[in-house]
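Inspection log for the structure reproduced underneath, given as structure tokens.
The values are calculated or read from the model by the stated rules, or taken from the named source; none is laboratory data. Only a predicted model underlies this, so the values are computations on that prediction, with no experimental measurement involved. Virtual Cβ from ideal backbone geometry, glycine too; neighbours counted across all protein chains shown.
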Amino acid sequence: MGDGSSTRSNSSNSSTSEKPEWLQQYNLVGKIGEGTYGLVFLARTKTPPKRPIAIKKFKQSKDGDGVSPTAIREIMLLREISHENVVKLVNVHINFADMSLYLAFDYAEYDLYEIIRHHRDKVGHPLNQYTVKSLLWQLLNGLNYLHSNWIIHRDLKPSNILVMGDGEEHGIVKIADFGLARIYQAPLKPLSDNGVVVTIWYRAPELLLGSKHYTSAVDMWAVGCIFAELLTLKPLFQGAEAKSSQNPFQVDQLDKIFKILGHPTVDKWPTLANLPHWQSDLQHIQAHKYDSAGLHNVVHLNMKSPAYDLLSKMLEYDPLKRITAPQALEHEYFRMDPLPGRNAFVASQPMEKNVNYPTRPVDTNTDFEGTTSINPPQAVAAGNVAGGHGMGNRSMPRPMVGHNMQRMQPQGVMAYNFPAQAGMNPSVPMQQRGMAQPHQQQQQQLRRKDPGMGMSGYAPPNKNRRL
Amino acid sequence: MASNFWTSTHYKELKDPEEINVVHPLDAQRGISVEDFRLIKLHMSNYISKLAQHIKIRQRVVATAVTYMRRVYTRKSLTEYEPRLVAPTCLYLACKAEESVVHAKILVFYIRKLYADEKFRYEIKDILEMEMKILEALEFYLVVFHPYRSLPEYLQDSGLNDTSMTHLTWGLVNDTYRMDLILTHPPYLITLACIYIASVYKEKDIKTWFEELSVDMNIVKNIAMEILDFYENHRMFTEERVHAAFNKLATSP
């Protein structure tokens, strides 16, 4: 890739009312998510090995201002990054008929929100130590890559941490949803300028206290919250969100944090005194007095254990003292048994019984335009903070899991890379509309040949092409 | 990415100068020469700057917009991608990418103010449609590194960070966007070429500083020569010639 000459798309052909040509390279399975910006679909490539693809549709923004800046930012970042623990953008498509954008990603069957929920509601016991440690290590590994490239994710939460299903990448963590992510080198405006950041349960105290200049440490706080949630299956700081004004002071969220960690002090966190809400809402903030810092009790960890040590360093109040991703990866916790592994579900040396997680529910009655046909979805199980492949709230029909949807097949990886495929394939025959019927189970299992395909073909760092 | 130019799409997409100065067959049919092509891109770069001044858009956003526009024309024809629509749309897109969003209606207002010709008074819908086409033409590569970033650091390091040097070099960097340099050279080398020109002009000897940089001074000097050539020829870029080039574009082959 990268020869820059292979845009094969033919925009004039795709602006008809017929199904655009690029869409014909996929078989739609159904809708898997819904959010503020649009819908997420599950599809499969028509050409073998019929790889599953998550397609995120961005609607034209309603304010008459074209492609939403969120979509631009997400595409812009995703086009540059390539890491095993970051979701892979395989294609972007434009539908000129309704001026919408479609982002095609490698499909991930699971996410931490669903995994945690499954353990809490169905399994009855927590995740095993190996899985927790592997998930956390991979999450930190992906985050380390992002941070070393000056990208803050800003919206880490269990539903944005995906895990791959059966196949070559089984049990591998993928950080998703870069809609709020920012490049934090030399921003033209203060980073806090474009509104709401991070679901409040995972929001760092410096943000809650109104900090204008925040750093990658906000992501590490969120990782700490997620770590605790993996251990206990409950959100660590479950504050009630204040929704009054544009960016309200989240006093309840802070209160939940103080209750477990104790109040922060200027002594331990010197820049605390400069934070807007610490100055203006001091009475509010200190309304309740909490003496005992009881984090170890909440997460049931021995205060001397490496796991507790790592967690408490992630939940350090002062962002300057909070552990960084590279430091966390070096922590003793990851050097002791069980060692973290590439497949978070299955250790190379079998220990405990593996848990079979439920696959993502698919609403097979929705087509790519997002219009629902015939049978409306049945029950709706709306997760508070859910949203696979990074779409806001998930409100998906649950009971369909049994018959109407497919287990993902083990998939090979094939050459669906930019820019060779950045467009349409005119030779694919026309496909009927409403391709919502379930496929037959594909029995062939194709072996993945080259795990390094895709956007990873970076030039050696010092190569100077002018020489 | 943002920190590492060498792993960026910007780096991977750098082109040889010979690849840049190729007139698209559709434009060639209308009699557009390499010189006409260059003139039109120069004119549209200036137009983007002018438009941005009216809307009060930052220089870095202007630089990104000009880069988008120049990248578009390495792949697309002037005939099919009307420059007078592409240029403002690149500015519109750059504003989103650089997080300084400007509303399409404001852009349209200023286009009308600047362009007397009815034919090029675009509507919001024209901008939005072209935005999609430009995204596609750019293959969604939107991150651009600019020579501005390393400028203060280099000036400080070489001990040339007085006001007049800062002004001079900053102005030189601005002018590099009237050429295709941003498509052909890593931005830090463009910065160094501008500092080199300024140091010669102001008779400051920073030869040893350059030597310690471990960069290929031949490349820096070549870029500097290109910039000086541009200034040399600048008198010849007259309004009449720009008009003549646009007139060729308007005639059917």
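Only residues in segment A:258-283 that are touching a residue at least 40 places away in the same chain (Cβ under 8 Å) count as the first member; pair them with residues that are part of a loop (DSSP other than H, G, I, E, B) and surrounded by fewer than 13 Cβ atoms within 10 Å (Cβ to Cβ), Cβ under 7 angstrom, at least 6 apart or cross-chain, and list the lot.
A:LEU272/A:VAL266
Can you pull out every residue in segment B:127-144 that is outside any helix (DSSP H, G or I) and of a type in the set (A, V, I, L, M)?
B:LEU138, B:LEU142, B:VAL143, B:VAL144
Within segment A:125-136, does at least one residue satisfy the condition of being away from chain B (no Cβ under 14 Å), touching a strand residue (DSSP E or B) at 6+ places or on another chain (Cβ under 7 Å), in contact (Cβ under 8 Å) with a residue 24 or more places away in the chain and not in a loop (DSSP other than H, G, I, E, B)?
yes
Do any helices (runs of 4 or more DSSP H) entirely within segment B:175-250 hold 1 or more residues that are more than 26 Å from B:GLN156 (Cβ to Cβ) and free of Cβ contacts under 8 Å to residues at least 60 places away in the same chain, and if so, which?
B:217-233, B:239-250
Pick from segment A:64-83 the residues that are assigned to a loop (DSSP other than H, G, I, E, B) and within 7 Å of chain B (Cβ to nearest Cβ): which of them is farthest from A:LEU143 (Cα to Cα)?
A:GLY64
For segment A:58-74, which residues satisfy the criterion of being in contact (Cβ under 8 Å) with a residue 24 or more places away in the chain, out of contact with any Asp or Glu (no Cβ under 9 Å at 6 or more places or on another chain) and surrounded by 23 or more Cβ atoms within 10 Å (Cβ to Cβ)?
Within segment A:58-74, A:ALA71 is the sole residue that qualifies.
Is it fair to say A:VAL90 is crowded, with 21+ Cβ neighbours inside 10 Å and over 24 Å from A:MET164 (Cα atoms)? Spell out how you get there, then give the answer.
Working: crowded, with 21+ Cβ neighbours inside 10 Å: yes; over 24 Å from A:MET164 (Cα atoms): no.
So A:VAL90 fails the test.
Return yes or no: is B:TYR141 of a type in the set (Ser, Thr, Tyr) and within 10 Å of another protein chain (Cβ to nearest Cβ)?
Against the criterion (of a type in the set (Ser, Thr, Tyr) and within 10 Å of another protein chain (Cβ to nearest Cβ)), B:TYR141 qualifies.
Residues to consider are B:VAL66, B:VAL61, B:VAL23, B:VAL72; find the one that is facing chain A (nearest Cβ under 9 Å) and either hydrophobic (A, V, I, L, M, F, W, C) or under 22 Å from B:THR238 (Cα atoms) (or both).
B:VAL61
Does any residue of segment B:41-60 turn out to be in contact with a Pro (Cβ under 6 Å, 6 or more places away or on another chain) and surrounded by fewer than 19 Cβ atoms within 10 Å (Cβ to Cβ)?
For segment B:41-60, residues in contact with a Pro (Cβ under 6 Å, 6 or more places away or on another chain) and surrounded by fewer than 19 Cβ atoms within 10 Å (Cβ to Cβ): absent.
For segment B:114-124, indicate whether the set of residues that are facing chain A (nearest Cβ under 7 Å) and over 29 Å from B:LEU172 (Cα atoms) is non-empty.
From segment B:114-124, those facing chain A (nearest Cβ under 7 Å) are B:124; that's our starting set.
Now restrict to residues that are over 29 Å from B:LEU172 (Cα atoms): B:124.
Yes, there is a match, as at least one residue in segment B:114-124 is facing chain A (nearest Cβ under 7 Å) and over 29 Å from B:LEU172 (Cα atoms).
Please determine, by comparing only the residues of segment A:46-63 that are of a type in the set (A, V, I, L, M, F, W, C) and in contact with a Gly (Cβ under 9 Å, 6 or more places away or on another chain), which one is farthest from the other protein chains (Cβ to nearest Cβ).
Among those that are of a type in the set (A, V, I, L, M, F, W, C) and in contact with a Gly (Cβ under 9 Å, 6 or more places away or on another chain), it is A:ALA54.
Go through segment A:276-302 and give me each residue that's at pLDDT below 90, of a type in the set (A, V, I, L, M) and under 33 Å from the mean Cα position of the chain (by Cα).
If the condition is that a residue be at pLDDT below 90, of a type in the set (A, V, I, L, M) and under 33 Å from the mean Cα position of the chain (by Cα), then A:ILE285, A:ALA293 are the ones that fit.
Would a scan of segment A:216-239 turn up a residue that is modelled with pLDDT under 90 and part of a helix (DSSP H, G or I)?
The answer is no; no qualifying residue exists.
Name every residue in segment B:1-55 that is over 14 Å from the mean Cα position of the chain (by Cα) and among the charged types (D, E, K, R), in order of residue number.
B:LYS12, B:GLU13, B:LYS15, B:ASP16, B:GLU18, B:GLU19, B:ASP27, B:ARG30, B:GLU35, B:ASP36
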